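The values are calculated or read from the model by the stated rules, or taken from the named source; none is laboratory data. Because the structure is predicted, anything quoted here is derived from the model rather than measured. Backbone-built Cβ (ideal geometry, glycine too); neighbour counts: all protein chains shown.
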Amino acid sequence: MLLLTGATGLVGSRLLRRLTAARKPVRCLVRDPRRLGEDRVRVQIALGDLADPPSFRNALRGVTTVVHLAAAIRDQPRGSIEELNGIATWRMVQAAEAAGVRRFIFFSALGATAHDRTRFLRAKALAEEAVLAADLESVIVAPSIIYAPGDPFSTLLSRMALAPIVPISGNGRARYQPIWAEDVAECVLPLLGAVRPGEDRYELAGPDTLSYTEITELLLAAAGRPRPLLRVPTPIVSRTLRATEALLKSKAPATWDEAELMEVSMLTSRGTTDAQILGVRPEPMRSVLKLDD
């Protein structure tokens, strides 16, 4: 039995589709089974979430492999970024050890360090430490920015493009190697089999190295709404988004923690090597967005 967290997310939904098509026994840890769509009748369901550690024990019963995709890039009513990414992963690892789980595949992020400027990447670094310290066959998967046509960021940009000018935070120079969510999901499948000794970390990146500005321009072009970009100084963005979040709480359309992530580069010197080791040749972003036609 495989336990999948984050099954309704950008990568999780695509991975779940592959697992059910292959008739793999899967259990999903979810708050609302309806979000699984048609797949909810093809999987076992464990009710719970990262803010509910007691739910882990039931979810892990009889499980041999965990794929831990669930994450939070903003504070939630039931937990902070640190609690939902760092502490929750540590608790899940402990529960997995107690349940006799053999393999724990954890999704981190490129550039995660304990001294990063962003809360999200610091929390991911702490979670990595907990996973690697556990008495489990652990695998860390660290992708660059993950995207897909119609994903939440693309949708937000498309709505912002109703205006004549689209604002972006800071100077827009942070660089990424964006990788398609379908390619990331495909990379996970080989990890569910035997992992060769010494290969406990995979850094996933697409073939392009693009700045935040360039990614934004591509997404706007794909939406059919190319617009001039207005670079807004970071202090103004920070104050504005913090005030918006204080007013709207979890309903804020964007938060400073999310915007700050777009000012931190997420690169690997290995390029697409690790993805290709896993049998996947990542698609260029222009090709996925159908901008090469």
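Considering only residues that are within 26 Å of ARG91 (Cα to Cα) and buried (at least 16 other Cβ atoms within 10 Å of the Cβ), which ones fall in the stretch 25-39?
VAL26, ARG27, CYS28, LEU29, VAL30, PRO33, LEU36
Is it the case that the stretch 165-175 has a residue that's polar (S, T, N, Q) and either closer than 25 Å to LEU248 by Cβ or assigned to a helix (DSSP H, G or I) (or both)? Can you show your working first?
Just the residues of the stretch 165-175 that are polar (S, T, N, Q), to begin with: 169, 171.
Keeping just the survivors that are either closer than 25 Å to LEU248 by Cβ or assigned to a helix (DSSP H, G or I) (or both) gives 169.
Yes, the conditions are met somewhere in the stretch 165-175.
Being among the polar types (S, T, N, Q), closer than 26 Å to ALA72 by Cα, touching an Asp or Glu at 6+ places or on another chain (Cβ under 9 Å) and without any contact (Cβ under 8 Å) to a residue 40 or more places away in the chain, is that true of even one residue in the stretch 228-245?
Applying the first criterion (among the polar types (S, T, N, Q)) to the stretch 228-245 yields 234, 238, 240, 244.
So of that shortlist, the ones also closer than 26 Å to ALA72 by Cα come out as 234, 238, 240, 244.
Now restrict to residues that are touching an Asp or Glu at 6+ places or on another chain (Cβ under 9 Å): 234, 238.
Subsequent filtering for residues that are without any contact (Cβ under 8 Å) to a residue 40 or more places away in the chain retains 238.
Yes, the conditions are met somewhere in the stretch 228-245.
Mind checking which residues of the stretch 49-93 are touching a residue at least 60 places away in the same chain (Cβ under 8 Å) and assigned to a loop (DSSP other than H, G, I, E, B)?
GLY62, VAL63, THR64, LEU69, ALA70, ALA71, ILE73, ARG74, ASP75, PRO77
So which residues in the stretch 273-292 are crowded, with 16+ Cβ neighbours inside 10 Å and assigned to a loop (DSSP other than H, G, I, E, B), if there are any at all?
Matches in the stretch 273-292: LEU278, VAL280, PRO282, GLU283, LEU289.
I'd like to check something: does the stretch 38-53 contain any residue that is in contact with a Gly (Cβ under 8 Å, 6 or more places away or on another chain), more than 28 Å from ALA259 (Cβ to Cβ) and at pLDDT below 95?
The first filter runs over the stretch 38-53 and keeps only residues in contact with a Gly (Cβ under 8 Å, 6 or more places away or on another chain), leaving 50-51.
Among the residues that remain, those that are also more than 28 Å from ALA259 (Cβ to Cβ) are: none.
Among the residues of the stretch 38-53, not one is in contact with a Gly (Cβ under 8 Å, 6 or more places away or on another chain), more than 28 Å from ALA259 (Cβ to Cβ) and at pLDDT below 95, which makes the answer no.
If you go through the stretch 165-202, how many residues are crowded, with 23+ Cβ neighbours inside 10 Å, of a type outside the set (A, V, I, L, M) and closer than 23 Å to GLU129 by Cα?
Result for the stretch 165-202: 2.
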